[in-house]
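The values are calculated or read from the model by the stated rules, or taken from the named source; none is laboratory data. If you're wondering where the values come from, they're calculated on a predicted model, not measured in any experiment. Every residue, glycine among them, receives a Cβ derived from its backbone with ideal geometry; neighbour counts consider all protein chains shown.
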């Protein structure tokens with residue numbers, strides 16, 4: 001019994017502490033939380049939307065395109081009178097070219113020249129004949145119209161006289177009726193006078209018909225004259241253009257004089273490909289003239305995979321590679337036209353697109369720019385033709401649940 005209290009105290013000590021009972025989360029709280037999360041997901045899927053877009057490369061060009069200037073025939077450049085970026089006016093001299101052909105015409109050139117001279121002679125004779133025919137037709141119809149006017153004047157006088165005559169007969173008829181009542185005029189005399197009135201009225205109607213007929217003939221003659229004049233003048237103009245072309249061919253054929261290349265429009269000279277001393281031909285342009293005051297548009301090229309979803313009036317976000325969008329932002333535009341056929345290789349060259357890419361089937365998409373400039377450091381910097389761009393075309397906007405159910409829509413054929 002010596003250590004009984006101590007032993008009992010040691011046995012009653014507990015090192016692990018008291019027992020704690022943890023209650024689980026109530027099932028109602030879990031259900032309510034899950035329901036709220038589910039409803040949130042449903043509402044988000046219904047009200048939230050996503051816009052599908054296609055990113056397309058492209059370039060900036062004038063709305064009506066650029067003007068390429070070609071050499072009329074194989075030549076050598078002996079003088080270049082402009083430079084890259086120069087402003088040129090319509091008719092300004094750009095190039096002087098030299099044919100560098102032999103001073104003695106070969107047999108083939110002689111035959112060609114003879115044929116051209118024969119053509120020129122025949123066309124000149126034809127021009128004289130057409131001019132004489134036109135003058136004869138105009139004089140003939142002019143005489144017809146003048147005769148018609150004279151006849152019309154005489155007819156007007158006859159109508160005036162006939163009206164006066166009928167007026168007198170009607171007055172006489174009135175007097176006869178009064179005298180008939182008094183017994184001074186017989187029934188026969190009254191009827192005879194009435195017949196005379198009717199006869200003269202018929203004559204007046206005949207004059208009116210002649211007047212209408214003359215007016216119609218005059219209008220027909222004028223119309224025919226105008227038609228013939230327009231037709232002959234058109235033929236004469238076409239013949240004069242052909243004669244002018246034949247003359248130019250004669251000049252080019254019979255001499256090796258210089259060719260002078262002039263600016264076809266006013267604008268900016270660029271892409272100068274031919275320098276002094278180089279040989280050129282009609283297959284490649286000498287330079288390009290960008291029209292002045294012509295609004296710029298964006299030309300994008302889309303693959304056959306993406307072009308089917310692009311529509312007119314789709315919104316576009318444009319990034320100019322010359323102006324990093326991280327610093328200068330993006331700009332907006334609108335789709336105005338989508339080509340129905342794939343680009344040709346020539347179009348690919350205009351777009352600076354490699355022929356290998358063009359062979360894949362690319363379609364040109366025209367974009368109207370909302371702004372013709374870029375805001376750079378507080379000032380407006382004008383866009384320049386030829387700038388390379390990337391653009392996001394916003395194709396369609398749907399709610400999230402519609403995108404999720406898109407495979408099902410594809411099967412059922414409903415959207």
Out of 156, 129, 139, which single residue is modelled with pLDDT of 80 or more, in the same structural domain as residue 194 (by TED's automatic domain parsing) and within 16 Å of residue 218 (Cβ to Cβ)?
-> 156
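Test residue 181 against the stated conditions and say whether it is out of contact with any strand residue (DSSP E or B) (no Cβ under 6 Å at 6 or more places or on another chain), part of a helix (DSSP H, G or I) and in contact (Cβ under 8 Å) with a residue 12 or more places away in the chain. Before the answer, list the steps.
Values: out of contact with any strand residue (DSSP E or B) (no Cβ under 6 Å at 6 or more places or on another chain): yes; part of a helix (DSSP H, G or I): yes; in contact (Cβ under 8 Å) with a residue 12 or more places away in the chain: no.
The answer is no for residue 181.
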Check residue 321 against each of (1) over 28 Å from residue 90 (Cβ atoms); (2) surrounded by 13 or more Cβ atoms within 10 Å (Cβ to Cβ) and name the one condition it does not meet.
-> (2)
Considering the range 275-301, residues that are touching a strand residue (DSSP E or B) at 6+ places or on another chain (Cβ under 6 Å) and part of a loop (DSSP other than H, G, I, E, B), and then whichever is nearest to residue 366 (Cα to Cα), we arrive at 294
Selection from the range 333-353 of residues that are surrounded by fewer than 14 Cβ atoms within 10 Å (Cβ to Cβ) and at pLDDT 85 or above = 337
All positions within the range 200-234 that are touching a helix residue (DSSP H, G or I) at 6+ places or on another chain (Cβ under 6 Å) and either exposed (fewer than 13 other Cβ atoms within 10 Å of the Cβ) or under 30 Å from residue 124 (Cβ atoms) (or both) = 225, 228, 232
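Pick out the one residue from 265, 310, 272, 261 that is assigned to a strand (DSSP E or B) and either exposed (fewer than 13 other Cβ atoms within 10 Å of the Cβ) or not assigned by TED's automatic domain parsing to the domain that holds residue 145 (or both). Before you say what the answer is, go through the steps one by one.
On the way: 265 fails: assigned to a strand (DSSP E or B); 310 fails: assigned to a strand (DSSP E or B); 272 fails: assigned to a strand (DSSP E or B).
Going through 265, 310, 272, 261 in turn, the sole match is 261.
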